[in-house]
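Report on the structure given below.
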Amino acid sequence: MNEPLPDAERTRRIAMELTAQAESGLAYCTDRFDIERFHRIGSLARDLMATVTAEEPPAYDPRVAVTAGYTTPKIDVRGGVFDASGRVLLVREVADGHRWTLPGGWCDILESPRQAIEREVAEESGVRVRATHLAAVVDRHLWPHTPVYDRHIYKLLFVCAPEGDLDPAFTSAETSEVAWFDVADLPELSVARVLPEQIALLHEHWSDPGPAHVD
């Protein structure tokens, strides 16, 4: 039997589903009274989310809600790049207190997952890579990431092979440092973006490729 969810998590999930229902309804309905009702549902969902999040969510914007379309999970890609000795490449995130993470980010429109992860790794670490193996497709809210987000997110974890050398002096607008780390001795991670268990999963797939983990 599944354990009952904590009240805050149950409230967060209700707010997320209400937001999705409101945006999906706005994508299809034409009756002006229904449109007003869906906007009201979206606004209430935002207020409900504000009761269970550490940071105040953005104000409800009807223009954004109208253009959101049918709501589906967002896609985050992360790359596990390893050197010959099995050390993992991590980047230091400017936006998260200079904590460390796997390079990666959101998939862009008209971009394949492979293109997205290869672009993100190059932009954030300066290292050109080739995505060789999909190690996992994980549902972010099933893992202990913090903080929780107000959107449903799938994370695609790729093993990537480096096709160039690391420049230890590399920095970018997003990252202040790049370095190799032993998987058993990781620095302070940006747990909003990646968890030690996910790095371990990627390392396992790097050393012994197998079927992708799927939540």
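Computed from the coordinates by the stated procedures, all read-outs in this text should not be read as laboratory data. Since the structure is predicted, the reported quantities are computational estimates derived from the model, not experimental observations. Here the Cβ is made from the backbone with ideal geometry for all residues, glycine too, and neighbour counts use every protein chain on show.
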Practice problem: Putting +1 on Lys and Arg Cβ atoms and -1 on Asp and Glu Cβ atoms, find which of Pro209, Leu142, Ala173 reaches farthest to the positive end of the dipole of the chain. | Solution: Leu142
Quiz item: How high is the relative contact order of the range 74-214, in percent, counting Cα pairs under 8 Å that sit 6 or more residues apart?
Solution: 34
Exercise. Relative to the compact-globule scaling 2.2 N^0.38 Å, provide the ratio for the alpha-carbon radius of gyration of the range 48-152.
Key: 1.26
Quiz prompt | Protection-proxy order for peptides 141-148, 152-159, 82-89, each taking the mean of Cβ atoms within 10 Å per residue, highest first | solution = 152-159, 82-89, 141-148
Quiz prompt | Rg/Rh (Cα only; Kirkwood hydrodynamic radius) as it applies to the range 140-214 | solution = 0.97
Practice problem: Mind pulling up the Rg/Rh value for the range 7-67? Radius of gyration and Kirkwood radius, both on Cα. | Solution: 1.00
Quiz item: Which label belongs to the value computed from this structure, given these candidates for P(r) over Cα pairs in 10 Å bins from 0, in percent: (i) 8, 35, 38, 17, 1; (ii) 8, 29, 30, 21, 10, 2, 0; (iii) 8, 33, 34, 15, 6, 3, 1, 0?
Solution: (ii)
Exercise. Quick one: dipole size for the range 65-215, taken about the Cα centre, charges +1 on Lys/Arg Cβ and -1 on Asp/Glu Cβ, in debye to the nearest 20.
Key: 360
Quiz item: How many nm separate the modelled label positions at Asp34 and Asp108, each set 7 Å beyond the Cα in the direction of the Cβ?
Solution: 3.6
Quiz prompt | Dipole axis of the range 74-214 (+1 Lys, Arg; -1 Asp, Glu on Cβ), positive-most option in Ile199, Val88, Leu156 | solution = Leu156
